[in-house]
Amino acid sequence: MMQINKSAKQLLAPIVSNKRVGQYHQIIINIGDVAATCKPGNFVAISVGGDSSRMILRRAFAISRVSTSPTVGGTMELIVAAHGQGSKWLCAQGEGVVLDLVVPLGTSFGIPTEPVPVLLVGGGYGSAPLFGLAELLNSRGCRVDMLLGASTASKIYAPMEGKRAVNSMRIYTEDGSMGTAGRVTDPIAEIIKDLNVAVIYSCGPMPMLAAITKIADQFDVVHQCAVEESMACGVGICMTCVLPVANEDGSISNLRSCIDGPVMDGSRVQWSKVGQQL
Amino acid sequence: MTALDFSTTIGNAWFPAPTFTASGCASSGRELAQFFPLREMGGVVTKSVMSKSRSGRPTPRMAETPSGMLNSIGLQGPGIDAFLAKDVPYLVEQKARIIVSIAGETVEEYSTLARKLRSVSGISAIEVNISCPNVENRGLVFACDPEASRRVIDGVRRTIGGELPIIAKLSPDVTDLVSIAKGVVEAGADGLALINTVLGMVINVETMRPHLGGKTGGLSGPAIRPIAVRAVYQVHAVLPQIPILGMGGIASGKDALEMILAGASGVAIGTASFGNPTAIMSIQNELKQLLTDRGFTSLKEAVGFAHRPSERE
């Protein structure tokens with residue numbers, strides 16, 4: 001079951017740029033050759049706060065995409081919401097600041113061997129890693145449709161260039177301030193039927209992932225979701241980021257979302273048992 | 001200049017370096033092995049293992065606190081049989097030196113676990129964790145009760161005494177640590193591991209409820225280092241011949257040196273590895289340099305050095 005990401009390396013890497021994009025920060029970091037080993041779904045653990053910080057734990061961020069350019073070399077992009085102390089510190093760091101990273105970590109999204117129709121569902125800035133995934137799926141000949149949702153317009157992350165790799169993109173906000181008023185999960189059943197969707201990829205808050213799992217199970221569609229649990233280490237040694245997941249034999253184990261995730265088979269995650277004593 | 005003798009001993013076990021993973025902070029070594037060869041440190045102290053597999057406490061299991069963190073894992077693990085079948089052979093193959101940490105709910109469970117380790121080759125010592133704070137019943141924290149501590153160690157000694165060094169891991173959450181340390185040494189402990197985490201709690205002011213799934217958790221990290229240094233110093237003063245594995249917030253070579261000067265024969269690194277997977281390697285290198293800079297020719301000369309009267313006096 002355990003699948004350590006053997007490509008993980010600890011490195012010092014400079015920030016290439018840090019731009020504000022709506023509610024979020026787009027941070028590009030030069031990671032050189034390591035970029036080639038990063039896959040959609042993988043994450044990075046970053047040391048935050050500098051030397052005199054009281055913050056002793058790394059912060060985990062989903063890698064939204066990687067690219068290689070002849071001038072800058074290999075880079076990775078992070079979309080960060082300045083929520084807590086660590087992310088606020090990171091968002092305040094400018095070009096040239098050198099970060100201590102461990103990357104790439106965790107599992108990645110599985111890519112279908114056949115060019116099948118797929119649906120990508122993102123909640124809030126959880127949509128960020130889906131754009132790199134969309135490009136990869138598109139290049140493999142998959143029809144890619146995307147649904148993005150958030151509570152309100154400012155929390156939707158949908159870069160213009162992100163639309164290139166997708167066949168359609170629909171936006172849902174709970175307050176109706178952008179796109180259709182409602183939840184991102186509302187149209188999923190219909191889309192599965194209309195487009196004969198074979199795989200759903202999702203990233204976002206846990207209630208959204210749980211709701212998608214229910215629909216996916218109903219139609220027997222594969223659901224690969226990227227989970228988010230609070231982590232102390234990101235490398236598999238602290239045992240804090242566990243989720244209850246069903247084993248082959250039906251028993252349930254607490255699996256680490258940093259090693260056996262973040263990308264997990266949604267139908268095996270026991271959403272109703274999260275936070276419960278097993 | 002003569003080379004520094006960096007080795008240390010606990011009971012009859014010899015280690016080429018005094019640096020160890022702290023139990024519960026490195027799983028069974030595999031995860032750190034991708035960052036450095038495990039054989040390059042003193043040894044791996046494995047996550048405390050119980051008789052049966054255990055899923056541990058519910059999430060959230062972690063809260064970062066100033067210069068520290070609370071954890072509430074609750075001894076999640078595969079159980080002794082799976083551990084012996086998979087994890088020990090892996091560590092042996094990596095040529096790592098192994099200290100197996102065991103935890104039980106009853107005095108008998110500890111003896112049973114010790115018995116299972118008797119015939120296993122490749123193990124250097126056994127850590128008897130009688131101080132995990134993340135159990136349902138605080139009454140089960142044997143290390144808070146001098147008599148219960150003694151009974152556990154006595155049971156383990158009767159099973160494997162003389163074959164494998166026994167290290168008792170104690171809690172700082174007691175009124176008189178020295179008397180508990182003396183008790184377990186009388187009962188047959190060859191060494192002591194000081195300290196386990198300090199029981200703590202965080203309340204989320206948004207939900208206005210305890211943040212951790214298990215409500216309370218163990219505080220670790222630099223926040224508890226002065227407590228650990230004090231514990232090691234006090235115990236070494238009374239039991240200078242007993243090797244101590246010092247731990248609690250060690251994050252640099254200087255921190256490790258402080259613990260050794262207080263009386264530790266070895267140091268274990270836990271929370272620092274969460275923030276930096278190669279922390280043990282840097283701490284080891286820094287410690288070597290600091291000892292050399294101070295004119296020590298062996299680690300052993302530095303153990304408990306802080307207890308010597310100042311030369312100016």
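The values are calculated or read from the model by the stated rules, or taken from the named source; none is laboratory data. No experiment lies behind these values; they were computed from the predicted model shown. Neighbour counts are summed over all protein chains in view; Cβ atoms, including those assigned to glycine, are modelled from backbone coordinates with ideal geometry.
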Next item on the list: Identify the single condition in (1) surrounded by fewer than 22 Cβ atoms within 10 Å (Cβ to Cβ); (2) in contact (Cβ under 8 Å) with a residue 40 or more places away in the chain; (3) part of a strand (DSSP E or B); (4) among the small types (Gly, Ala, Ser) that A:Ala60 does not satisfy, given that it satisfies every other one.
Entry: (1)
Note to self: When you check A:Gly106 against the structure, is it crowded, with 24+ Cβ neighbours inside 10 Å and closer than 28 Å to A:Gly176 by Cβ, yes or no?
What the structure shows: no
Check: Any idea which residue in segment B:4-32 is farthest from the other protein chains (Cβ to nearest Cβ), counting only those that are in contact with a strand residue (DSSP E or B) (Cβ under 8 Å, 6 or more places away or on another chain) and either of a type in the set (A, V, I, L, M) or part of a helix (DSSP H, G or I) (or both)?
Finding: B:Leu4
Notebook entry, point to check: So is A:Ile215 farther than 20 Å from A:Ile46 by Cβ, within 13 Å of chain B (Cβ to nearest Cβ), of a type in the set (A, V, I, L, M) and in contact (Cβ under 8 Å) with a residue 12 or more places away in the chain or not?
Noted result: no
Notebook entry, point to check: How many of the residues making up segment A:218-245 are without any contact (Cβ under 8 Å) to a residue 60 or more places away in the chain, assigned to a loop (DSSP other than H, G, I, E, B), within 14 Å of chain B (Cβ to nearest Cβ) and out of contact with any helix residue (DSSP H, G or I) (no Cβ under 8 Å at 6 or more places or on another chain)?
Noted result: 5
Note to self: Can you find a residue that is buried (at least 22 other Cβ atoms within 10 Å of the Cβ) and either hydroxyl-bearing (Ser, Thr, Tyr) or under 12 Å from the mean Cα position of the chain (by Cα) (or both) anywhere in segment A:88-101?
What the structure shows: no
Notebook entry, point to check: Can you pull out the residues in segment B:33-74 that are within 20 Å of A:Asn247 (Cα to Cα), within 11 Å of chain A (Cβ to nearest Cβ) and either at pLDDT 95 or above or part of a loop (DSSP other than H, G, I, E, B) (or both)?
Noted result: B:Ser53, B:Ser55, B:Gly56, B:Arg57, B:Pro58, B:Thr59
Next item on the list: Could you tell me whether segment A:251-259 includes any residue that is closer than 17 Å to A:Leu130 by Cβ and either at pLDDT 95 or above or out of contact with any Ser or Thr (no Cβ under 7 Å at 6 or more places or on another chain) (or both)?
Entry: no
Margin query: With the requirement that a residue be facing chain B (nearest Cβ under 8 Å), touching a strand residue (DSSP E or B) at 6+ places or on another chain (Cβ under 6 Å) and free of Cβ contacts under 8 Å to residues at least 24 places away in the same chain, what does segment A:1-21 give you?
Written below: none
Note to self: Considering only residues that are within 11 Å of another protein chain (Cβ to nearest Cβ) and not polar (S, T, N, Q), which ones fall in segment A:246-278?
What the structure shows: A:Ile252, A:Leu255, A:Arg256, A:Cys258, A:Ile259, A:Lys273, A:Val274, A:Gly275, A:Leu278
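Here's the yes/no breakdown for (1) modelled with pLDDT of 95 or more; (2) more than 19 Å from B:Cys132 (Cα to Cα); (3) surrounded by 17 or more Cβ atoms within 10 Å (Cβ to Cβ):
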| position | (1), (2), (3) |
| --- | --- |
| B:Ile180 | yes, no, yes |
| B:Val184 | yes, no, yes |
| B:Ala189 | yes, no, yes |
| B:Leu194 | yes, no, yes |
| B:Gly200 | yes, no, yes |
| B:Thr207 | yes, yes, no |
| B:Met247 | yes, no, yes |
| B:Glu258 | yes, yes, yes |
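Residues being in a loop (DSSP other than H, G, I, E, B) and under 25 Å from B:Val235 (Cβ atoms): count how many of those fall in segment B:261-294.
Number of matching residues: 5.
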Next item on the list: Assess whether A:Gly49 counts as being in contact (Cβ under 8 Å) with a residue 24 or more places away in the chain, on the phi > 0 side of the Ramachandran plot and more than 14 Å from chain B (Cβ to nearest Cβ).
Entry: no
Next item on the list: Please indicate, with yes or no, whether at least one residue in segment A:263-274 is touching a residue at least 60 places away in the same chain (Cβ under 8 Å), charged (D, E, K, R) and either farther than 21 Å from A:Phe219 by Cα or in a loop (DSSP other than H, G, I, E, B) (or both).
Entry: no
Next item on the list: Taking the residues in segment A:208-223 that are surrounded by 23 or more Cβ atoms within 10 Å (Cβ to Cβ) and out of contact with any Cys (no Cβ under 6 Å at 6 or more places or on another chain) as candidates, determine which candidate is nearest to A:Phe109 (Cα to Cα).
Entry: A:His223
